[in-house]
Amino acid sequence: MAVCARLCGVGQSRRCRRRPRQNQQDQGSDSDMDEEEEERIVGQRRGDAGCGGPESGVNTAGPSRVHRSGPYDVGFPHPQALTELPPELLVEIFSLLPGTTLPTVALVCKKFREILNTETIWRRRCVKEFHMKEDLRKMEVGGVSCHDLYVKRVNPRVKSGRFMKLLPDYEHMDYKDLYTHLLHPYRHILGLWQPDIGPYGGLLNVVVDGLFIIGWMYLPPHDPCVEDPMRRRPLFRIHMWESKKATVECMYGHKGPHKGDIQTVKKDEFSTKCNQTDHHRMPGGRQEEFRTWLEEEWGRTLEEIFHEHMQELILMKFIYTSQYDNCLTYRRIYLPPLMPSDLIQPGLFKGTYGSHGLEIVMLSFHGMSARATKLTGDPNVPAGQLTLDIDLSQPLDLPDLEHQRNIEELSRLILGVHEQVQRQQTLGTPATVRAPASGNAPAEDVANISVSSDGCLPGPSTDPNSFESQPFILPLGVMARNEVYPRTCRKCFYGTGLIAGHGFTSPERTPGLFVLFDQDRFGFIWLELKSFSLYSRLTDHLAHAHAPNLERFEAMLRNMQSWTS
């Protein structure tokens, strides 16, 4: 708070608008300073007695000029202190410092304080620390998502001229003000979050987008198109007005931005509140709200959903989620860190879950185990639960295609390993790898392969690129929401999936087959349910989402189950 208070006390900086230059285009690069700035700081060489005086308290005594025999430095001063460096060099140095330390630097002397008004310094800090656009003046040309967002959600026919009157004047906004009053105060909410929406959960990504900080709710594509990109819905945005005060706006509903609020509950937790929930209501009442929600959520009407149980699940979700009116609590989540022994790149995946539609899971690796944790859930298995637990010490070789079509053959292979794992857990014996050589060979007749002391498979067998592709086809009788799935796979492993009754009653881990197709896709055959789930990687760039260390990520996973139980 003390650092933030000092930030607000730093003097005015120059604006982002550049004075037009005749017969020359504005490059706007991060490495170039504005012409006004360059003239100003270079001019400080003459007549600037800010440093070295009584105010600075810095001793700059010493020879001011040193003559040498070199061809480049004859007659040039030799700096005896940091304060004697040329202003343009100080700009480069200060640009490398974290923005939170610059107010302290400004207290050294008048010269430093003046140089810290240079836009180049603050522009680089905004780009480096918050991934902001390098030149705010070019945002309208490049297209701002907030621009399109507001127009589309209010009136598609609104012209840009009218729209610009509704936004802060970005041409008169400067990077120092943005850093001081917007980015730095709200830096703690950037990244990935899981909303507390009962069993349904969710995925919120808070990012810097132009002059805004926007909270995007990430929604899976419409069922069963698991390969399609994620959909995004804005929940809130924060921006600055000319008063240099950050304003929070709720984006929920269909009437455009309106007043909202954000409060920090505790570390790694914050809440949002809408102050005008009447903006969420529609003229046609709840029936029209439900039709609109259904079209956005499922891409279809209720009449097009023939399954009665599925209709009940959809109506239940609408009633449950709409009661929050965007007044939610969010808890931080991290992306899994990549380890050298990981089977594939860990991360987020979209997966098919029968009548519940598509859900988002987080795949992470823990020694000889791969785990998929739900970020979105359903009334049977809520968000935060461990939906898949894959034993990487138990690979399975699939039989030929003719035997793969037989569900009894696949069941025999999986149940054989399942019984063996249960015996090992009961007796507490070391883990072994049983790899059936063919579909006709009993699991009991296959030799054991010991696991190394560090918990890794011997040799390069955990490298998916070293696996030979083998044909894959779903057995007859196994249901699949998406009939379009890869017909070859890299490797298969024994694993368990979590199933439960409504309300997460009688949860049970049942055996199944984990199928690794490639780096971005995998599947799971739920043996007891006789169903198949296909998972596809979420490829969106997610900034500020990586865990500081492995211990922090592990602690987040342990807490996630209690968040949504």
In the stretch 180-272, which strands (runs of 3 or more DSSP E) lie fully inside it and hold 3 or more residues that are more than 30 Å from Arg521 (Cα to Cα) and of a type outside the set (Phe, Trp, Tyr)?
231-240, 246-250, 258-266
Can you name every residue in the stretch 249-258 that is touching an Asp or Glu at 6+ places or on another chain (Cβ under 7 Å) and surrounded by fewer than 21 Cβ atoms within 10 Å (Cβ to Cβ)?
His258
Could you say whether any residue in the stretch 291-310 is polar (S, T, N, Q) and open to solvent by 90 Å² or more (accessible area, probe 1.4 Å)?
no
Collect the residues in the stretch 215-247 that are under 21 Å from the mean Cα position of the chain (by Cα), of a type outside the set (Gly, Ala, Ser) and crowded, with 20+ Cβ neighbours inside 10 Å, keeping them in residue-number order.
Trp216, Met217, Tyr218, Pro220, Val226, Pro234, Leu235, Phe236, Arg237, Ile238, His239
Pick from the stretch 394-409, criterion among the hydrophobic types (A, V, I, L, M, F, W, C) and in contact with a helix residue (DSSP H, G or I) (Cβ under 7 Å, 6 or more places away or on another chain), ranking: least open to solvent (accessible area, probe 1.4 Å):
Leu396
Going through Phe94, Phe112, Phe76 one at a time, which residue ends up being over 30 Å from Tyr252 (Cα atoms), open to solvent by 30 Å² or more (accessible area, probe 1.4 Å) and modelled with pLDDT of 50 or more?
Phe76
Can you work out which of the residues in the stretch 311-351 that are under 21 Å from Gln561 (Cα atoms) and among the polar types (S, T, N, Q) is modelled with the lowest pLDDT?
Thr321
So which residues in the stretch 76-95 are of a type in the set (Ser, Thr, Tyr) and either under 41 Å from the mean Cα position of the chain (by Cα) or assigned to a loop (DSSP other than H, G, I, E, B) (or both)?
Ser95
Name the pairs whose Cβ atoms lie under 6 Å apart, with the first residue in the stretch 207-231 and in contact (Cβ under 8 Å) with a residue 24 or more places away in the chain and more than 26 Å from Val127 (Cβ to Cβ), the second in a loop (DSSP other than H, G, I, E, B) and open to solvent by 30 Å² or more (accessible area, probe 1.4 Å), and 6 or more positions between them or separate chains?
Pro221/Asp228; His222/Gly299; Pro224/Arg481
Considering residues that are of a type in the set (A, V, I, L, M, F, W, C), open to solvent by less than 30 Å² (accessible area, probe 1.4 Å) and within 29 Å of Phe318 (Cα to Cα), the number found within the stretch 335-393 is 13
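The values are calculated or read from the model by the stated rules, or taken from the named source; none is laboratory data. Treat the numbers as computed from the prediction; the structure is a model and nothing was measured. Every residue, glycine among them, receives a Cβ derived from its backbone with ideal geometry; neighbour counts consider all protein chains shown. Note: areas computed on protein heavy atoms with side chains; ligands, DNA, RNA excluded. Shrake-Rupley method; radii C 1.70, N 1.55, O 1.52, S 1.80 Å.
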